[in-house]
Amino acid sequence: MREYPRSVQISKVDQHDPRVEKAKTDSHSDAEKSQQVFGEYAVRQYDEWQGYLEKLHDGRQQPWTEEVILQRRDEHLELNQKTFSQILSGQDSVGKLLFTEMLYKYIRSPNYKKEILNYFSVQNGQAHIAVDTMPKELFLDVLRFHSKYMEEERKKFEKQCEVWKQEFIATCIQGIRDGWLPLSEETVRERVQETKIMLRDSASYLHSFGDWNRWVSTVDTWQDDESKRETVFHELTHAIAARNLIEREDITHTDEFGDILKKKIDFQRSGLRFRYGYQKGIEKPFIIEEFTRFRWLNEGMTERIRLRLLQQADSEFYQDERAAIQKMIDAGIDEQLLIDAYFEDYDMKVDRMNRVPALRKLIKAIYGNPTLGKGYLMAIENQLK
Ligand SMILES: [Zn+2]
């Protein structure tokens, strides 16, 4: 038996390969499905099982007893109600604010049920909302309102995003003309347009600004418009960064015969972030572990580039990461070389030694630098993990 990890099967894929096109479409539709709005699922379950209950009462045969139907109808609703009430009385101030706002928006909406005001009170000078004791139909109405509200917010956001995308492209074109952004206008346009940007309900996913992964970017609802715009610029910078695409094995699920491996297109490198996959051992079950390296360097550079595009001096994001990069620049590493490496696609058409010349030059410059040396990147890696 092998003691050491065995690599999963990985092969490099050209970014214009038809398999990539398919992966992109799949990624977009998966994102659509996985983006949950708080309470949306509970509302859907409630309506579905309420339908069965009505059929049962009409005398139509159902495979479930009334007791089972009622339990299935209410279980997610009750769970959401509990979560809601826990967040309102918990220590998480952002969560508290978000959920309180949801209720205030509801009572300001034209068709709210006035009965909800009975659950508002003032205790020790603080507003208290007794969500836990609300009748479930009333709570359900709040959830329905929130789903509708999010639907409208998403539509507005989508329109707004088209404007921000154009603004982003325009700032990139300026960067290309000024000579520091080493991409073609066509590549920028293509990568921006193929990125699906979605508004993410902060009540479902707390404490994030945004995210980018495999042609999909999410932006969290809790931010104001200016913050959302900055987040969009940051995520779109990830989207136009260098990429090495690979086709790799991945476990989709495990059944009685073992693990089912499926081939998946992934970004092995995005900007200056690298990803490695290992399959541990040959005994079942196979475990595919993923290692990410130099995320700090990538995030720091992404935010530096974002600031440059928007001509902003500083931001609250990735300060330690940017400071570690600034230290490299102060030690004599050319900032342009960092930018070139960040945007340098892996060129499959040339010989192995010349596929990422800027990246090679950058690593050589860091290794040979008397202040930084070979240990610098890994020291920061361990420090900022
Ligand atoms: Zn980022």
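Things worth noting here:
- Among the residues of the range 297-317, just one is within 11 Å of the ligand (Cβ to nearest atom) and modelled with pLDDT under 95, namely F317.
- Pairs, first farther than 13 Å from R189 by Cα in the range 155-179, second among the β-branched types (V, I, T) and assigned to a helix (DSSP H, G or I), C-beta under 7 Å, six or more apart: C161/V232
- Note on the range 171-214: residues that are surrounded by fewer than 18 Cβ atoms within 10 Å (Cβ to Cβ), among the aliphatic types (A, V, I, L, M) and in a strand (DSSP E or B) amount to 0.
- Residue within the range 366-382 that is among the hydrophobic types (A, V, I, L, M, F, W, C), free of Cβ contacts under 8 Å to residues at least 40 places away in the same chain, part of a loop (DSSP other than H, G, I, E, B) and away from the ligand (no atom under 16 Å from the Cβ) present: no
- Of residues in the range 277-296 being under 22 Å from D211 (Cβ atoms) and loosely packed, with under 15 Cβ neighbours inside 10 Å, the one modelled with the highest pLDDT: T292
- Members of the range 307-360 found to be farther than 26 Å from H16 by Cα, part of a helix (DSSP H, G or I) and either within 26 Å of the chain's Cα centre (by Cα) or among the aromatic types (F, W, Y) (or both), listed by number: L307, R308, L309, Q319, D320, E321, R322, A323, A324, I325
- Residue within the range 57-78 that is in a helix (DSSP H, G or I) and under 15 Å from H146 (Cβ atoms) present: yes
- Of all residues making up the range 22-52, the number that are closer than 14 Å to L140 by Cβ and assigned to a helix (DSSP H, G or I): 11
- Those residues of the range 168-200 which are closer than 30 Å to I87 by Cβ and in contact with a Leu (Cβ under 9 Å, 6 or more places away or on another chain), in sequence order: I197
- Qualifying residue in the range 179-191 (condition: touching a helix residue (DSSP H, G or I) at 6+ places or on another chain (Cβ under 7 Å), away from the ligand (no atom under 16 Å from the Cβ), under 26 Å from R44 (Cα atoms) and not aliphatic (A, V, I, L, M)): no
- The range 215-228, subset within 15 Å of the ligand (Cβ to nearest atom) and surrounded by fewer than 19 Cβ atoms within 10 Å (Cβ to Cβ), residue nearest to L310 (Cα to Cα): S227
For (1) surrounded by 12 or more Cβ atoms within 10 Å (Cβ to Cβ); (2) without any contact (Cβ under 8 Å) to a residue 40 or more places away in the chain; (3) more than 25 Å from S204 (Cα to Cα); (4) of a type in the set (K, R), each residue gets a yes or a no:
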residue	(1), (2), (3), (4)
F38	yes, no, no, no
R44	yes, yes, no, yes
W49	yes, yes, no, no
Q61	no, yes, yes, no
I87	yes, yes, no, no
K96	yes, yes, no, yes
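The values are calculated or read from the model by the stated rules, or taken from the named source; none is laboratory data. If you're wondering where the values come from, they're calculated on a predicted model, not measured in any experiment. When we count neighbours, we look across all protein chains shown, and the Cβ atoms used for this are built from the backbone with ideal geometry, even at glycine.
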